[in-house]
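Colleague: There's a structure below that I have some questions on.
What follows draws every value from the coordinates through simple rules; no lab data is involved. Here the structure is a predicted model, which means the values were calculated and not measured. Positions of Cβ are backbone-derived with ideal geometry, glycine not excepted, and every protein chain shown enters the neighbour counts.
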Amino acid sequence: MNVKGNVFKYKSDVDTDVIIPARYLNTSSESELAAHCMEDIDPDFVKKVRQGDIIVAEDNFGCGSSREHAPIAIKASGVSLVIANSFARIFYRNAINIGLPILECPDAVKNILSGDIVSCDLSTGVITNESTGKKFQAEPFPPFIQEIIDDGGLMKHIRKTLKD
């Protein structure tokens, strides 16, 4: 699968309370969660984000509480990929479970700026900064995890597998 979009770049330790503030956790509506995604760190995010856009962040993205609401809000806002130096482990697993592609690639993070256009071949892990022409190599997911992401998340993958 290939993705391409405009970059929103953030620093280290973007926690789940910043991704989706706790005051909005009384809903499971994906569209409602998306409407408040990143608002405490980037109030204009929801006004600017478009389908396919990409978040790039430094270290420990998704730290904090283990809520699935955070990756759901990101994915529902239209973000197609999150690239970071590192992810909090529970966020990493929650992202896979809901079908949000994430890649760790410090070289890309160091060389990609907010507003750059970036594309990525998720099957190979090749990240291309279309704005500069630079390419970076992330470790792609193994095929079984890529299938979960391609199917839209773990539950959708299980349903599909049971039908086959």
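Colleague: With r as the distance between the Cβ atoms of GLU30 and ASP107 and R0 = 41 Å, compute the FRET efficiency 1/(1 + (r/R0)^6) and round to 0.05.
Modeller: Calculated transfer efficiency: 0.80.
Colleague: Ok, one more. When DSSP beta bridges are limited to those with both residues in the chain, what percentage is antiparallel, rounded to the nearest 5?
Modeller: 50
Colleague: When the convex hull of the Cα atoms of region 62-164 is projected onto a plane and the area is averaged over all directions, what value comes out in nm²? Let's see the in-between values first.
Modeller: Working: hull surface 27.3 nm².
Directional mean of the projected Cα hull area for region 62-164 stands at 6.8 nm².
Colleague: Towards the positive end of the charge dipole of region 12-164, with charges on Cβ (+1 Lys, Arg; -1 Asp, Glu), say which of ALA76, LEU154, ASN94 has the farthest Cα.
Modeller: With unit charges placed on the Cβ atoms, the residue in question is LEU154.
Colleague: Using the crude model of +1 on Lys and Arg Cβ and -1 on Asp and Glu Cβ, and no other charge, please compute the dipole size for the chain relative to its Cα centre, in debye to 20.
Modeller: 280
Colleague: Take ASP59, project a point 7 Å from its Cα along the Cβ direction, then tell me which residues of region 1-26 have their backbone nitrogen under 14 Å from it.
Modeller: Only 11-14 pass the distance filter.
Colleague: Okay, moving on. Please compute the modelled spin-label separation between ASP151 and ASP121, points set 7 Å along Cα→Cβ, answer in nm with one decimal.
Modeller: With each label point 7 Å from Cα toward Cβ, the separation is 2.5 nm.
Colleague: So how far apart, in nm, are the two label points at ASN6 and LYS160 if each is 7 Å from Cα heading toward Cβ?
Modeller: Between ASN6 and LYS160, the simple spin-label model gives 3.0 nm.
Colleague: Same structure again: Starting from a Cα-only point model with no solvent, please compute log10 I(q)/I(0) by Debye for region 5-123 at q = 0.21 1/Å.
Modeller: -1.18
Colleague: Test of understanding: what is the full-extension gain from LYS48 to SER114, defined as 0.36 nm times their sequence separation minus their Cα-Cα distance?
Modeller: Net length gain for the segment: 22.5 nm.
Colleague: Next up: Please report, in cubic angstrom per residue, the volume enclosed by the convex hull of the alpha-carbon atoms of region 1-71.
Modeller: So the per-residue Cα hull volume is 103 Å³.
Colleague: While we're looking at this one, here's another question. With contacts defined as alpha carbon pairs under 8 Å and 6 or more residues apart, what's the relative contact order of region 1-149 in percent?
Modeller: In percent, rounded to a whole number, it is 26.
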